[in-house]
Amino acid sequence: MKEKLKLDVFGYAGAIINLIFASFIEVLAVNTFLSFNGKDIINIILVVLLYLFVGLLALYSIIFNIKILKGNTKEKTTAVVLGFLTLSIYGSILLMISRVKTIKDINMDEIKKVKIDFLQIANDIVKFKSLYDNDVISEEEFKSIKQKLLN
């Protein structure tokens, strides 16, 4: 079974910022291309080539950042490079510093937290049992405290 991967908050923020910048660059490229009305064939060729380069670069950046948001973290490096190329410096930096965690890692973190909580409760019960054994608290108080800790 293929293990699922998940980005942290920085990764998601970076991918979203990259997506916004790339979309803006794409709209700008299309608008420039459509509003150009040059008569000289060389200018027309240059504008078309520029549009193809900038437009495709932005389009690829959009595609790779969407893949990251869908959980395909293998495309992280490509998305960072394309983000820098589309001038999304902040988004790319956030994406670079983000960490990828597997669902297994996330579940292990939760298990460790539950284990720590369980150990804390067990230690508290032992402490109150010691107080009960030394006649500092009554049996009713001990049972009441124990019940509260276990619930």
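Is there a residue being hydrophobic (A, V, I, L, M, F, W, C) and farther than 28 Å from Ala13 by Cα anywhere in the stretch 62-72? Checked against the condition, which is being hydrophobic (A, V, I, L, M, F, W, C) and farther than 28 Å from Ala13 by Cα, the stretch 62-72 yields no hits at all.
Summed over the stretch 34-70, residues that are free of Cβ contacts under 8 Å to residues at least 24 places away in the same chain, surrounded by 12 or more Cβ atoms within 10 Å (Cβ to Cβ) and within 23 Å of Leu7 (Cβ to Cβ) total 4.
Report yes if Tyr12 is in a helix (DSSP H, G or I) and under 13 Å from the mean Cα position of the chain (by Cα), otherwise no. Against the criterion (in a helix (DSSP H, G or I) and under 13 Å from the mean Cα position of the chain (by Cα)), Tyr12 qualifies.
Of the residues in the stretch 120-151, how many are over 39 Å from the mean Cα position of the chain (by Cα) and of a type in the set (A, V, I, L, M)?
Taking the stretch 120-151 first, the residues over 39 Å from the mean Cα position of the chain (by Cα) are 125-147.
From the residues that got through so far, the ones that are of a type in the set (A, V, I, L, M) too are 125-126, 131, 136-137, 145.
Matching residues across the stretch 120-151 total 6.
Matching residues to (1) acidic (Asp, Glu); (2) more than 12 Å from Leu7 (Cβ to Cβ); (3) surrounded by fewer than 22 Cβ atoms within 10 Å (Cβ to Cβ); (4) at pLDDT below 80:
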{"site": "Asn72", "(1), (2), (3), (4)": "no, no, yes, yes"}
{"site": "Glu75", "(1), (2), (3), (4)": "yes, no, yes, yes"}
{"site": "Leu82", "(1), (2), (3), (4)": "no, yes, no, no"}
{"site": "Ser88", "(1), (2), (3), (4)": "no, yes, no, no"}
{"site": "Gly91", "(1), (2), (3), (4)": "no, yes, no, no"}
{"site": "Leu95", "(1), (2), (3), (4)": "no, no, no, yes"}
{"site": "Met108", "(1), (2), (3), (4)": "no, yes, yes, yes"}
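The values are calculated or read from the model by the stated rules, or taken from the named source; none is laboratory data. As the structure is a computational prediction, the values presented were derived from the model and not from experiment. As a convention, Cβ positions derive from the backbone with ideal geometry for all residues, glycine included, and neighbour counts pool all protein chains shown.
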